[in-house]
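Structure first, commentary second.
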Amino acid sequence: MARVSQEHLDARRRQILDGAARCFARNGFHGTSMQDVLKEAGLSAGAVYRYFPGKEDIIAAITEGTFDTIRGAFEEAARTTPPPTPDALLRQVLGGLLAGGVWGLERRAFAALVVQLWSETLRDERLAALLDEGYTAMRGLWAELVDAYRAVGTLAGDVPSDHVARTMIATAQGFILQEALFGDVRPDVLEGGLRGLMAMKTQKTG
């Protein structure tokens, strides 16, 4: 029997996940059956179950892949020296993610899938662990960026790095949520808004 290449196995696995992601984005996790996934992926039950024992395993794989993709995009952008300012970095990363066709989805469908993944972590400990791992990594990445900003003199040192990191993550999450709920949220608008906030002058009191 001819051996199946790893490239073929990876492509088939991706075919399953792309099909499942389209189903989940369209109908939600609980409104999607394994039969729906089989039909969308165009594969037999045997072919799909070879890779994933059940729907929960597919959801976990999509969760892990999505969080890895988001983290990887920020890591790549952060490697620029000197690093882009927060407004430019968020515009670059979020614009790329939403335009990049992750899981073969258009931008609003991808944003909706991400929001569903967040929601699902509230009831699934396995997914919650994946989210916690990704969130911890993102906080560390942003804290390193804050240190880099301070090293080149573009950010004052009176606010803990982790506080800034949490705020920037919350901004990115809010942008994705707005895209999922309302659509047509432009990254350049986020960039301009953040730049305006960053330029605010602090008034002295007393």
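The values are calculated or read from the model by the stated rules, or taken from the named source; none is laboratory data. These numbers come from a predicted model, not from an experiment. Glycine gets a Cβ as well: all are built from the backbone with ideal geometry, and neighbour counts include every protein chain shown. Accessible surface is based on the protein model in full, side chains and every heavy atom, while ligands, DNA and RNA are left aside. Shrake-Rupley method; radii C 1.70, N 1.55, O 1.52, S 1.80 Å.
Data for the structure
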{"quantity": "Among G157, G19, G100: highest mean-square fluctuation, GNM of the chain, C-alpha pairs under 10 Å", "calculated": "G157"}
{"quantity": "Label assignment, percent of Cα pairs over 27 Å apart derived from the structure, set (1) 39; (2) 42; (3) 33", "calculated": "(1)"}
{"quantity": "Chain lengthening between A88 and R150 when straightened (0.36 nm per residue, less Cα-Cα)", "calculated": "20.6 nm"}
{"quantity": "Percentage relative contact order, segment 36-158, counting C-alpha pairs under 8 Å, at least six apart", "calculated": "24"}
{"quantity": "Portion, in percent, of the accessible area of the chain that falls on carbon or sulfur, probe 1.4 Å", "calculated": "53"}
{"quantity": "Accessible area of segment 136-194 divided out per residue, in Å², using a probe of 1.4 angstrom", "calculated": "53"}
{"quantity": "Of V159, V114, V48, the one that fluctuates the most in a GNM where the chain has Cα springs shorter than 10 Å", "calculated": "V159"}
{"quantity": "Extension gain, Y49 back to R166 (0.36 nm per residue minus Cα-Cα distance, nm)", "calculated": "38.2 nm"}
{"quantity": "CD proxy at 222 nm, helix term only [per DSSP H run n ≥ 4: -39500 (n - 2.57); per residue of the chain; nearest 500]", "calculated": "-24000 deg cm²/dmol"}
{"quantity": "Global geometry of segment 96-202, whether rounded, prolate or oblate, following the gyration tensor of its Cα atoms and the 1.5 cut on a/c", "calculated": "oblate"}
{"quantity": "Computed over the chain: relative contact order in percent, which uses C-alpha pairs under 8 Å that are six or more apart", "calculated": "22"}
{"quantity": "Rg to Rh, two decimals, where segment 23-64 supplies the alpha carbon set and Rh follows Kirkwood", "calculated": "0.93"}
{"quantity": "Point-to-point label distance, D68-R123, nm (Cα→Cβ direction, 7 Å offset)", "calculated": "2.6"}
